[in-house]
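Enquirer: Would you mind keeping the following structure in view while I ask a few things?
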Amino acid sequence: MATPVFRFAPSPNGELHLGHALSALTNLRMAANCGGRLLLRIEDIDLTRCTPEFEAGIFRDLAWLGIGWEEPVRRQSEHFGDYEAALERLRREELVYPAFLSRGEIRKAIVEHEATGRSWPRDPDGAPRYPGTDKSLTLAERRRLIDAGAPFAWRLDTAAAMARLNGRLTWREWGDETMSGSSEIAASPLDWGDVVIARREIPTSYHLSVVVDDALQGVSHVVRGRDLYFATSMQRLLQEILGLPAPTYFHHRLVLGPDGRKLSKSLRDTGLAALREAGATAEDIRRQLGF
């Protein structure tokens, strides 16, 4: 049997907080319990917000917590060619389209729709789904807009992608950290509408890069927070249409802030660096998180 492969994949766009510590420690414990490997991946496709300083902070915080990882570390910004290849395949199969609507145009479409008394469909995160009206543009119209420098994003034609699949789309979810049993979860990518797969200036997005990375790195066990539970539906769809293997998933509990919401990197009082500077030890953090 192949050695299980886990990964912790933070973005260096802020300091790690208690929620990240919980995820990293959960990955570490689950990997250790089954003799698995733990990889560290730096998800830095957002070149404007991700910085070397925040990346250095990730390494520092994880080492402080006593978490080790295999080298080399994969940085997404160094592998845009891998994502471009996957995007090109989706383009060849006509499963993505250039979406030109601006945020203002999207808001206008929503206002006009809701003025009729009907609610606008929203994705599992609560964001309005993309109207998709520019799917009807001809190839010549698309080329004219692109050649004219019109801003656009490549969006997945989710309905078309689902139509390519035969049968029910599911994923395997561990019931708990012990991995003593799993269940089959029905995936519902249509709930997301036509998500962004890549942008004009960056040939990828979170959904595309994460499935490509997991496949290339041989990740077999994806352990992450419950806030990404519903995103698994879209990622399973991409895995299927790109012919990529499907990991088994476990979506662990979240660390919530005083307002009852999941932690944000903007909440500095929960940042690991700030807690360390205030005198907390790694053992304090582990104990607080139940390790």
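The values are calculated or read from the model by the stated rules, or taken from the named source; none is laboratory data. Everything numeric in this text was worked out from a predicted model, so none of it was measured. A quick note on method: Cβ atoms are made from the backbone with ideal geometry, for glycine too, and the neighbour counts reach across all protein chains shown.
Enquirer: Out of all the residues in segment 120-134, is one or more assigned to a helix (DSSP H, G or I), surrounded by 16 or more Cβ atoms within 10 Å (Cβ to Cβ) and modelled with pLDDT under 95?
Expert: As a first pass, look at segment 120-134 and keep what is assigned to a helix (DSSP H, G or I): 133-134.
Going one step further and asking which of them are surrounded by 16 or more Cβ atoms within 10 Å (Cβ to Cβ), we end up with 134.
If we keep only those that are modelled with pLDDT under 95 too, we end up with 134.
Yes, that holds for at least one residue.
Enquirer: Quickly run through segment 241-291 and pick out the residues that are assigned to a loop (DSSP other than H, G, I, E, B) and among the small types (Gly, Ala, Ser). Can you show your working first?
Expert: Taking segment 241-291 as the starting set, the residues that turn out to be assigned to a loop (DSSP other than H, G, I, E, B) are 243-247, 253-255, 257-261, 263-267, 278-281, 289-291.
Of everything in segment 241-291, those that are assigned to a loop (DSSP other than H, G, I, E, B) and among the small types (Gly, Ala, Ser) turn out to be 243, 246, 257, 260, 264, 266, 278, 279, 280, 290.
Enquirer: I've got another one for you. Exactly one of (1) surrounded by 10 or more Cβ atoms within 10 Å (Cβ to Cβ); (2) modelled with pLDDT under 95 is unmet by residue 117. Its number?
Expert: Of the numbered conditions (1) surrounded by 10 or more Cβ atoms within 10 Å (Cβ to Cβ); (2) modelled with pLDDT under 95, the odd one out for residue 117 is (1).
Enquirer: Quick check on my filter: what residues within segment 192-210 are in a helix (DSSP H, G or I) and free of Cβ contacts under 8 Å to residues at least 60 places away in the same chain? Give the steps one after another, and end with the answer.
Expert: Here is the first cut: in segment 192-210, the ones in a helix (DSSP H, G or I) are 192, 206-210.
Scanning segment 192-210 gives a single hit, 207.
Enquirer: Which of the residues spanning segment 102-122 are under 17 Å from residue 151 (Cβ atoms) and touching a residue at least 40 places away in the same chain (Cβ under 8 Å)?
Expert: Of everything in segment 102-122, just one residue is under 17 Å from residue 151 (Cβ atoms) and touching a residue at least 40 places away in the same chain (Cβ under 8 Å), namely 102.
Enquirer: Quick one: which of 142, 164, 155 is touching a residue at least 24 places away in the same chain (Cβ under 8 Å), of a type in the set (D, E, K, R) and in contact with a Phe, Trp or Tyr (Cβ under 7 Å, 6 or more places away or on another chain)? Talk me through it step by step, then tell me what you get.
Expert: Values: 142 fails: in contact with a Phe, Trp or Tyr (Cβ under 7 Å, 6 or more places away or on another chain); 164 fails: in contact with a Phe, Trp or Tyr (Cβ under 7 Å, 6 or more places away or on another chain).
None of the others qualify; the one that does is 155.
Enquirer: Here's something else I'd like to know. Kindly indicate whether any position in segment 250-258 is of a type in the set (D, E, K, R) and touching a residue at least 40 places away in the same chain (Cβ under 8 Å). Let's see the steps before the verdict.
Expert: Of segment 250-258, the ones of a type in the set (D, E, K, R) are 253.
Next cut, touching a residue at least 40 places away in the same chain (Cβ under 8 Å) only: 253.
Yes - at least one qualifying residue is present in segment 250-258.
Enquirer: Suppose the filter is assigned to a helix (DSSP H, G or I) and on the phi < 0 side of the Ramachandran plot; does residue 215 pass it?
Expert: yes
Enquirer: A follow-up question, please. Can we say residue 231 is over 26 Å from residue 126 (Cα atoms) and in the same structural domain as residue 129 (by TED's automatic domain parsing)? Explain how you work it out, then say what you get.
Expert: Values: over 26 Å from residue 126 (Cα atoms): no; in the same structural domain as residue 129 (by TED's automatic domain parsing): yes.
Taking the combined requirement at face value, the residue does not satisfy it.
Enquirer: Going by what's in this entry, would residue 205 be described as touching a strand residue (DSSP E or B) at 6+ places or on another chain (Cβ under 6 Å) and either charged (D, E, K, R) or over 14 Å from residue 7 (Cα atoms) (or both)?
Expert: Details: touching a strand residue (DSSP E or B) at 6+ places or on another chain (Cβ under 6 Å): yes; either charged (D, E, K, R) or over 14 Å from residue 7 (Cα atoms) (or both): yes.
Answer is yes for this residue.
Enquirer: Going through 109, 86, 140 one at a time, which residue ends up being within 28 Å of residue 218 (Cα to Cα) and of a type in the set (Gly, Ala, Ser)?
Expert: After applying the criteria, what remains is 86.
Enquirer: Further, regarding this structure: For residue 99, state whether it is touching a residue at least 12 places away in the same chain (Cβ under 8 Å) and in contact with a Leu (Cβ under 8 Å, 6 or more places away or on another chain).
Expert: So residue 99 does not fit the description; no.
Enquirer: Separate question: Between 89, 75, 41, which is within 18 Å of residue 211 (Cβ to Cβ), surrounded by 15 or more Cβ atoms within 10 Å (Cβ to Cβ), of a type in the set (Lys, Arg) and in contact (Cβ under 8 Å) with a residue 40 or more places away in the chain?
Expert: Numbers: 89 fails: surrounded by 15 or more Cβ atoms within 10 Å (Cβ to Cβ); 75 fails: in contact (Cβ under 8 Å) with a residue 40 or more places away in the chain.
Of the residues listed, the single one that is within 18 Å of residue 211 (Cβ to Cβ), surrounded by 15 or more Cβ atoms within 10 Å (Cβ to Cβ), of a type in the set (Lys, Arg) and in contact (Cβ under 8 Å) with a residue 40 or more places away in the chain is 41.
Enquirer: Additional query: Take residue 238 and tell me if it is surrounded by 14 or more Cβ atoms within 10 Å (Cβ to Cβ) and either closer than 27 Å to residue 60 by Cα or in the same structural domain as residue 64 (by TED's automatic domain parsing) (or both). So that I can check it myself, show each step before the final result.
Expert: On the way: surrounded by 14 or more Cβ atoms within 10 Å (Cβ to Cβ): yes; either closer than 27 Å to residue 60 by Cα or in the same structural domain as residue 64 (by TED's automatic domain parsing) (or both): no.
Taking the combined requirement at face value, the residue does not satisfy it.
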